[in-house]
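Contents: one structure, followed by commentary.
Since every read-out is calculated from the coordinates, none of them should be taken as a lab result. All figures in this text were calculated on a predicted structure; none of them were measured in a lab. Positions of Cβ are generated from backbone atoms using ideal geometry, with glycine treated the same way; all protein chains shown enter the neighbour counts.
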């Protein structure tokens with residue numbers, strides 16, 4: 001199994017551009033998450049989804065949008081990129097939350113906004 | 001505000017030592033607490049998950065404890081090895097589906 005796959009691995013954007021970070025999981029997990037990790041900091045939750053068609057905001061949602069049309073895919077959209085969005089973005093998934101299933105993470109997308 | 005703090009930020013030990021990593025959280029109404037390992041340039045790997053009703057979890061040379069009343073968790077690594085070198089993060093999950101991470105402890109085990 002591939003687990004959680006994120007593309008691209010690296011990207012440089014200019015201020016004001018937009019892009020979509022892709023995330024796909026092949027474990028049939030219901031829950032999916034997007035985090036950002038700034039240097040020397042812990043991860044912060046941007047958005048999460050508890051199933052296809054259902055999404056909700058996390059701690060730092062401003063400047064981002066998500067959609068969940070299928071169980072497998074959970075893309076993160078950046079509109080009007082700003083330097084403050086320079087970060088490493090991680091996608092994660094878990095089967096269900098009850099019982100506290102551990103999250104499986106992708107390897108991240110390193111994004112620089114110049 | 002729900003915050004998670006990890007001390008120390010970095011730790012260097014000789015191979016074979018036993019060590020303890022600390023994690024504290026301000027809101028004790030946690031759903032569960034997880035310890036993760038992060039290697040450079042990689043995502044996080046879940047090591048241990050402790051439910052709010054549990055006191056500890058063990059996996060091989062790793063033992064994690066949870067004390068909700070004091071807002072603390074510790075990760076104990078026995079007989080450390082160079083392959084244990086990585087950053088270790090703890091994360092507290094809450095009932096609102098939020099998850100708060102510490103900044104991590106960067107561990108170096110010297111041969």
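Condition test on residue A:78, is it within 12 Å of the chain's Cα centre (by Cα) and over 26 Å from residue B:86 (Cβ atoms)?
When the stated conditions are applied, residue A:78 passes them.
Could you pull out every one of the strands (runs of 3 or more DSSP E) wholly within region A:8-114 that has 1 or more residues that are in contact with a strand residue (DSSP E or B) (Cβ under 7 Å, 6 or more places away or on another chain), surrounded by 16 or more Cβ atoms within 10 Å (Cβ to Cβ) and away from chain B (no Cβ under 13 Å)?
A:10-13, A:19-25, A:64-66, A:76-78, A:87-94, A:109-113
Could you list, ordered by first residue, the pairs with Cβ atoms under 6 Å in which the first is in region A:8-24 and under 21 Å from residue A:69 (Cβ atoms) and the second is assigned to a loop (DSSP other than H, G, I, E, B), at least 6 apart or interchain?
A:18/A:79; A:20/A:75; A:22/A:75; A:23/A:74; A:24/A:72
Out of the strands (runs of 3 or more DSSP E) lying entirely within region B:25-111, which hold 2 or more residues that are within 14 Å of chain A (Cβ to nearest Cβ)?
Here the list reads B:30-38, B:44-51, B:56-59, B:62-67, B:86-94, B:99-101, B:105-110.
Just the residues that are surrounded by fewer than 15 Cβ atoms within 10 Å (Cβ to Cβ) and either free of Cβ contacts under 8 Å to residues at least 24 places away in the same chain or more than 24 Å from residue A:105 (Cβ to Cβ) (or both), please, taken from region B:9-39.
B:12, B:14, B:15, B:16, B:17, B:18, B:20, B:26, B:28, B:29
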